[in-house]
Amino acid sequence: MFPEPVVWSPPPANFNLSPDEVHVWRASLVPDKEGFAGLEALLAPQERLRANQFAFATDRGRFIAGRGILRQLLGAYLGQPPEELILEYGLHGKPVLRTKAGYWWMRFNLSHAQNVALYAFARGRELGIDLERIQPEFPGHEVAEHFFSAGELSELRDLPTEMWAQGFFTCWTSKEAYLKACGYGLTLPLNSFDTSPVAGFPRELRSADHRKWRLYPFEPAPGFVAAVVAEGVDWRVRHFDLSAPFPSPLMCIAAAGQTTRPSVESAGANV
């Protein structure tokens, strides 16, 4: 009834990102001491400043690990030193790379819940990803009444009580992934478009621009749900697991020059 668990593969030998692929990575945000220090060293000054603004050490650590892993992955795909990449943020907070001719094509997004993080990468396709832990104690009924569409509410009401929380968070992640892909943030009313809390629904969003996007919900780990929304319909997902302990093999791969920097010709195929 709900999204099936996915099969995660180890990191690939090279980081080719084909035009018809979306790569989704799963990572732990609890590195060992050595790994944490290595990830923190990759951060830009403004990222360190932001990290220091967190009130709790746990949140600070998750932010540092999350941003450090993002830089590792971007560096591996682009064949660039992770610490030299310049990250910027759009009007509604969506992270982007400062454009350079060699990697104008890179699109990415990230999400985390507790100590689990997901990262999505695509070539020239706008995309968004969202991850949530299923929380049966969360007051989802009230949230759904305020923010979900009439169609979504109807489907949720038909679910057995024991499946309601999973249905709610399946729907929520799909909506969040769409907003992140569009770059709208919360400026677009959540009840102005439809997803579905159950599997078996069309892998299209029911929105004003639904022909532009495709929705892919999945179960990244027991007790969690996630969704990717990306432009077009002609793409497939590959799943990679970046397991602790850190430092990850990405550091060694990048240092050895084994990353594959995409050519301008292959990048142009996705335009």
Chymotrypsin sites (Phe, Trp or Tyr not before Pro) within segment 1-94: DSSP coil, no more than 16 neighbouring Cβ in 10 Å
W8, F54, F56
Provide the packing ranking of 114-121, 216-223, 66-73, i.e. peptides ordered by the mean count of other C-beta atoms within 10 Å per residue, highest first.
66-73, 114-121, 216-223
In the neighbourhood of A144 defined by beta carbon distances under 10 Å, the net charge of the other residues (Lys, Arg +1; Asp, Glu -1) is -2
Within segment 71-159, report the GluC sites (Glu not before Pro) that DSSP leaves as loop and that have at most 16 other Cβ atoms within 10 Å.
E137
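Readers should treat all values here as calculations from the given coordinates under stated rules, not as data from a laboratory. Predicted model, so just to flag it, every value in this text is computed and none were measured. With ideal geometry, Cβ positions are generated from the backbone for all residues, glycine too; neighbour counts draw on all protein chains shown.
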